[in-house]
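S.K.: Just dropping this structure here.
The values are calculated or read from the model by the stated rules, or taken from the named source; none is laboratory data. Quantities reported herein were computed from a predicted structural model and do not represent experimental measurements. Cβ placement follows ideal geometry from the backbone for every residue including glycine, while neighbour counts extend to all protein chains displayed.
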Amino acid sequence: MKSLTPLSELYQKLLALYGPQGWWPVSTEAQTWENKAGNQGYHPGNFEIPENEAQQLEICLGSILTQNTNWRNAAQAVAQLRTLKDFSFSGIGNMPIDQLEEAIRVAGYFRQKARYLKNLMDFLSCCSFTDLQQMSLPAARSKLLKIKGIGPETADCILLYALKRPSFVVDAYSKRFLLQLGMISTQESYGKVQSLFESSIPREVSVYQEYHALLVAHGKEYYSKKPYGVGDPLLTFQLS
């Protein structure tokens, strides 16, 4: 039997600790954003989502709106946009910038993020999700990274969750956690950390999604405030 890599073992420990997470949270027929935004929309064990364009749009919006803020604030902004009469890529793209800014104010940096959203909508009006699906993964990622406001983490969120393509998402929580475990250095680049994960775990969208979500859950508990890692039970485990 093939032994687990350290990062595969870590995945199993996180899954045992937190259980399935059901990311990326989106509106469904059973769960909407109308009440308690940020607490609904999760779908543990269901990796078929997104099932429609509206859910893909929510993921795209959320991936930008969550920049430099917590998910609750981003979710509230998505909830506000979800009430629009024309909730679509073209609807957001054609929305007056001042109205868009006001709708997403709760997410912070609302003027900057409104322009980033517009940039993404403009791009998708010329290069559809179907076009991105037909490209190689590196080509699709490169296209997204050329959009102002879309960095590696945001691009990978769109690829992994909206397009269901295996591009592992690395966030600050992941890097802080691995640093505490002694698995990376403080100078490690996004790409190097991403490669570390992708070379160590099965190249499956469901695994990538669940692992990222578990790292977020763990990060919220132990890596959101300095000193990082205080009380983290996983730091006592010896990874083989």
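S.K.: In the stretch 97-123, which residues are touching a residue at least 40 places away in the same chain (Cβ under 8 Å) and in contact with a helix residue (DSSP H, G or I) (Cβ under 7 Å, 6 or more places away or on another chain)?
M.R.: Result: Ala107, Gly108, Lys113, Tyr116, Leu117, Leu120.
S.K.: Does Met95 count as crowded, with 19+ Cβ neighbours inside 10 Å and not in a helix (DSSP H, G or I)? Quick ask: steps written out before the conclusion?
M.R.: Values: crowded, with 19+ Cβ neighbours inside 10 Å: yes; not in a helix (DSSP H, G or I): yes.
In short, yes.
S.K.: Test Ala77 against the criterion of being in the same structural domain as Ile158 (by TED's automatic domain parsing), modelled with pLDDT of 95 or more and over 24 Å from Leu160 (Cβ atoms), and give yes or no.
M.R.: So Ala77 fails the test.
S.K.: Within the stretch 132-207, which helices (runs of 4 or more DSSP H) (wholly inside it) include 2 or more residues that are surrounded by fewer than 20 Cβ atoms within 10 Å (Cβ to Cβ) and in contact with a Pro (Cβ under 9 Å, 6 or more places away or on another chain)?
M.R.: Where helices (runs of 4 or more DSSP H) fall fully within the stretch 132-207 and carry at least 2 residues being surrounded by fewer than 20 Cβ atoms within 10 Å (Cβ to Cβ) and in contact with a Pro (Cβ under 9 Å, 6 or more places away or on another chain), they are 137-145, 190-198.
S.K.: Scan the stretch 107-119 and give yes if some residue there is among the polar types (S, T, N, Q) and under 20 Å from the mean Cα position of the chain (by Cα), otherwise no.
M.R.: Yes: the stretch 107-119 contains one or more residues that are among the polar types (S, T, N, Q) and under 20 Å from the mean Cα position of the chain (by Cα).
Quick grid of which residues meet (1) closer than 18 Å to Ser63 by Cβ; (2) in contact (Cβ under 8 Å) with a residue 60 or more places away in the chain:
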residue: Ile150; (1), (2): yes, yes
residue: Leu160; (1), (2): yes, no
residue: Phe177; (1), (2): no, no
residue: Ile201; (1), (2): no, yes
residue: Lys220; (1), (2): yes, no
residue: Gly229; (1), (2): no, no
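S.K.: Being over 25 Å from Gly219 (Cβ atoms), among the charged types (D, E, K, R) and more than 13 Å from the chain's Cα centre (by Cα) is true for just one of Lys143, Lys175. Which residue is that? If you could, list the steps in order and put the result at the bottom.
M.R.: Numbers: Lys175 fails: over 25 Å from Gly219 (Cβ atoms).
Exactly one residue qualifies, and that residue is Lys143.
S.K.: Then there is this: Going by the conditions given, is Tyr222 in contact with a helix residue (DSSP H, G or I) (Cβ under 7 Å, 6 or more places away or on another chain) and either buried (at least 16 other Cβ atoms within 10 Å of the Cβ) or closer than 13 Å to Ser174 by Cβ (or both)? Quick ask: steps written out before the conclusion?
M.R.: Numbers: in contact with a helix residue (DSSP H, G or I) (Cβ under 7 Å, 6 or more places away or on another chain): no; either buried (at least 16 other Cβ atoms within 10 Å of the Cβ) or closer than 13 Å to Ser174 by Cβ (or both): yes.
The answer is no for Tyr222.
S.K.: Go through the residues of the stretch 62-76 one by one and say whether even a single one is within 21 Å of Gln21 (Cα to Cα) and more than 14 Å from the chain's Cα centre (by Cα).
M.R.: Yes.
S.K.: For the stretch 10-47, which residues satisfy the criterion of being at pLDDT 95 or above and either outside any loop (DSSP other than H, G, I, E, B) or charged (D, E, K, R) (or both)?
M.R.: If the condition is that a residue be at pLDDT 95 or above and either outside any loop (DSSP other than H, G, I, E, B) or charged (D, E, K, R) (or both), then Leu10, Tyr11, Gln12, Lys13, Leu14, Leu15, Ala16, Leu17, Tyr18 are the ones that fit.
S.K.: Only residues that are assigned to a helix (DSSP H, G or I) and among the acidic types (Asp, Glu): list them for the stretch 208-240, please.
M.R.: Passing the criteria: Glu210, Glu221.
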